[in-house]
Amino acid sequence: MQPREFLRRLPGAVQAKLPADLAGCSSGFGFSLVQLWYGNRALHYEAWLRHRQDVIEIGLHFEADPLTNMRLLAAFRARERVVRKGLGDGTHIEEWDRGWTRLWEPVSLGTLDEALLEPLASRLARYITTCEPLLREELPADVPWELRPLRAPSRTPRGRTRSSASTTRTLARSPRSARPRERP
């Protein structure tokens, strides 16, 4: 299948593998990537076709401002045992380009077909089920976060789908993440 079709099918395949409380993520596409996110698009899960490296990079990217990115990187490094228990030792937790940070792993590119789509969707769903609860718990109180309720897509006159969500709600943060941390 063509890269564009493969990427367009991936969010649906991922969402089908998520528990009900995490199934309502948003998605967006680029030339060679797909992103899935919840309350802030700058903090997203990604599958990126890197043809020159012959891999698909999957993971959680922090592409907000440098301070937010570093705070989240530090929080995930502090919770590395939980991350590794959920995702395994092949996950990299690191600083990246432009002040961005990420948790990621390379997956062999292979042929873009159903035989690759399903395990890739399962692995990306595993990133979400492992990392999203940690992200919500560790999210600094000053970082914007809004969850949009999803409704069934509506059809446009040309047969394309579009989201019909018109309201937003703010994520209720746990008391632990809503107050400043005390240093030991």
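The stretch between ARG148 and ASP54, if pulled fully straight at 0.36 nm per residue, gains 30.3 nm over its current Cα-Cα span. For TRP96, the accessible surface of its heavy atoms amounts to roughly 80 Å² (probe 1.4 Å, protein chains only, rounded to the nearest 10).
The residues of region 1-157 have, on average, 49 Å² of accessible surface per residue, using a 1.4 Å probe with all protein chains present. Here the 3J(HN,Hα) profile of region 25-41, calculated from phi with Karplus coefficients 6.51, -1.76 and 1.60 at θ = phi - 60°, is 8, 8, 9, x, 10, x, 4, 10, 8, 10, 10, 10, 8, 10, x, 8, 4 Hz, Gly and Pro shown as x.
Here each label is just a point 7 Å from Cα along the line to Cβ, and for GLU137 and ARG98 those points are 3.1 nm apart. Tally up the carbon and sulfur contribution to the accessible surface of region 7-144 as a whole percent, 1.4 Å probe, everything protein left in place. On region 7-144, the fraction of accessible area on carbon and sulfur atoms equals 53 percent. THR130 contributes about 20 Å² of solvent-accessible surface, heavy atoms of the protein only, 1.4 Å probe. Straightening the chain between GLU5 and SER122 buys 40.3 nm, computed as 0.36 nm per residue apart minus the Cα-Cα spacing. Among residues other than TYR45 whose Cβ falls under 13 Å from its Cβ, what is the net charge (Lys/Arg +1, Asp/Glu -1)? Residues near TYR45 contribute 0 overall. Largest first, the residues GLU95, GLU5 sort by 1.4 Å accessible area into GLU95, GLU5.
Close amide H contacts of VAL55 (hydrogens built in the peptide plane, cut-off under 5 Å, sequence separation of 5 or more or a different chain): ARG50, LEU109.
In the context of the full protein assembly, ARG8 retains an accessible surface of approximately 120 Å², using a probe radius of 1.4 Å and ignoring ligands and nucleic acids.
Taking 0.36 nm per residue of separation and subtracting the current Cα-Cα distance, fully stretching the chain between VAL82 and ALA115 would add 9.0 nm.
The values are calculated or read from the model by the stated rules, or taken from the named source; none is laboratory data. As the structure is a prediction and not an experimental result, all values here were calculated from the model. No Cβ is skipped: glycine too gets one built from the backbone with ideal geometry, and neighbour counts run over all protein chains shown. Accessible surface areas use protein heavy atoms only, side chains included; no ligands, DNA or RNA. Shrake-Rupley method; radii C 1.70, N 1.55, O 1.52, S 1.80 Å.
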